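Report on the structure given below.
Rule-based calculations on the coordinates, nothing more; no lab input. Because the structure is a prediction, the values reported are computed rather than measured. No Cβ is skipped: glycine too gets one built from the backbone with ideal geometry, and neighbour counts run over all protein chains shown.
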Amino acid sequence: MSQVFEFRGVDNLVYAKVVTDTKEAFECETPKSLSAVAEIGKTVETSSEAKFYDNKAMMTINSEGADEITCVVAPLDIETLAEITGKQYDATTGALIDGIRTNDYFAIGYRTKGTDGQYRYVWRFKGTFAIPDETVATEDNGTDANNQELVFTGIHTTHEFAKGGSCKGIVVD
């Protein structure tokens, strides 16, 4: 019987720009640290429908779409925010130019820790980051502070890997 455990930790959130995704090859730039991460959640777009024959549900058709990975992180530096959202960054002035965005794809990776002390390593191979919502409030005498929530929409690669074919990611113990 396998040991029961729960997740109790996440760290080492990184991203890498996807530079090649063809049937023949998949390549990313060198991974970079994204931000200090507080929490990561995953939702998978799914659909399921029963098919009826002879007045009975006889089979179920299932489909799976994109993964939505939500990363609660410390606010990003402006240069990284510009890069992952496809905005321009002016290194001379240190300004993010909030204009038309490019549609670049990225891979993300992170590790999770279980209550058993073991780590799982996760890679999501291809997706895009949404422009994060921001809330900034006036400072008061309390301890409230705001972080940033990044939403990464993960899709299948074009590349067919030797193990797994076209895939969205891997999880390794």
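Worth pointing out:
- Residue match in region 18-34 (condition: touching a residue at least 24 places away in the same chain (Cβ under 8 Å) and in contact with a Pro (Cβ under 9 Å, 6 or more places away or on another chain)): no
- Residue match in region 92-107 (condition: small (G, A, S), surrounded by 17 or more Cβ atoms within 10 Å (Cβ to Cβ) and assigned to a strand (DSSP E or B)): yes
- Any hit, region 146-153, residues being in contact with a strand residue (DSSP E or B) (Cβ under 9 Å, 6 or more places away or on another chain) and under 30 Å from A50 (Cα atoms): yes
- Qualifying residue in region 38-45 (condition: in contact with a helix residue (DSSP H, G or I) (Cβ under 8 Å, 6 or more places away or on another chain) and small (G, A, S)): no
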